[in-house]
Amino acid sequence: MSGDPFAALDAARPSADRRAVGELRRGADRLIAYTEGHRCGLQVIRSDDEKHPVLSLDTAMPKNDDQGSNRFTAGPYLKSSATGSGASKPWASVSCGRNAMVIEYASRDTATPSKPRGSLSAIEGPKADKTLYVAVGEDKDRKKVLSSLPPRP
């Protein structure tokens with residue numbers, strides 16, 4: 001991705017290693033996926049307050065194939081999750097692997113997601129679930145991850 005989507009943030013820990021790899025919008029929420037060394041992360045920013053993330057989450061990559069979970073293909077992954085602040089009450093989990101990152105995202109704002117920018121692809125979960133699944137990585141790994149998820153209505 002071009003530019004620095006983190007430039008406007010009132011970030012506590014700027015890093016030269018942090019690199020935005022993709023983003024999309026769901027309603028007023030802007031989801032930015034990034035890597036930072038051997039870590040994967042997610043920043044969620046509301047369009048009405050670009051300086052303060054409503055959710056910030058990161059986790060490490062597994063050190064070897066015996067660590068983590070194989071819930072998604074192209075793994076293994078280490079996972080973390082959090083609930084954010086603000087009116088949309090976002091919840092997200094980030095599963096971080098050496099070949100891909102998988103983000104599960106849900107909030108009160110259930111607008112249709114925008115077209116992704118960068119190295120990510122997304123699909124919406126079942127209507128009752130309202131979860132957005134985002135695969136980050138090379139195209140072949142994103143396709144593997146998204147095709148391994150249960151069929152969506």
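What to note about this one:
- Lone qualifier among 134, 54, 44, 94 - being open to solvent by less than 30 Å² (accessible area, probe 1.4 Å) and more than 15 Å from residue 26 (Cα to Cα): 94
- Taking the listed residues 87, 74, the one that is in contact with a helix residue (DSSP H, G or I) (Cβ under 6 Å, 6 or more places away or on another chain), over 15 Å from residue 22 (Cβ atoms) and of a type in the set (Gly, Ala, Ser) is 74, with no other qualifying.
- Region 97-118, subset surrounded by 19 or more Cβ atoms within 10 Å (Cβ to Cβ) and hydroxyl-bearing (Ser, Thr, Tyr), residue nearest to the chain's Cα centre (by Cα): 105
- Failed item, numbered, when residue 129 is tested on (1) open to solvent by 60 Å² or more (accessible area, probe 1.4 Å); (2) closer than 19 Å to residue 61 by Cα: (2)
- Number of residues in region 46-62 that are at pLDDT 90 or above and either out of contact with any strand residue (DSSP E or B) (no Cβ under 9 Å at 6 or more places or on another chain) or among the aliphatic types (A, V, I, L, M) (or both) equals 4.
- Taking every residue in region 17-41 that is over 15 Å from residue 118 (Cβ atoms) and pairing it with any residue that is surrounded by fewer than 19 Cβ atoms within 10 Å (Cβ to Cβ) and among the hydroxyl-bearing types (Ser, Thr, Tyr), at least 6 positions away or on another chain, the pairs with Cβ-Cβ distances below 7 Å are 28/47; 36/15.
- Look at (1) part of a loop (DSSP other than H, G, I, E, B); (2) closer than 21 Å to residue 146 by Cβ and you find that residue 63 fails only one, number (2).
- Residues being closer than 13 Å to residue 102 by Cβ and either open to solvent by 50 Å² or more (accessible area, probe 1.4 Å) or assigned to a loop (DSSP other than H, G, I, E, B) (or both) - total across region 66-83: 11
- Output for region 108-142, where each listed residue is assigned to a loop (DSSP other than H, G, I, E, B) and of a type in the set (Lys, Arg): 108, 115, 127, 130
- Only one entry of 75, 68, 118 meets the criterion of being under 21 Å from residue 25 (Cβ atoms) and of a type in the set (Gly, Ala, Ser), and that entry is 118.
- Unmet criterion (only one of (1) buried (at least 16 other Cβ atoms within 10 Å of the Cβ); (2) within 28 Å of residue 37 (Cβ to Cβ); (3) of a type in the set (S, T, N, Q)) for residue 88: (2)
The values are calculated or read from the model by the stated rules, or taken from the named source; none is laboratory data. What you see is a predicted model; the values in this text were computed from it and never measured. In this analysis, Cβ positions are derived from the backbone assuming ideal geometry, glycine residues included, and neighbour counts consider all displayed protein chains. Ligands, DNA and RNA are stripped out before the accessible areas are found, and what is left, the full protein with its side chains, is counted by its heavy atoms. Shrake-Rupley method; radii C 1.70, N 1.55, O 1.52, S 1.80 Å.
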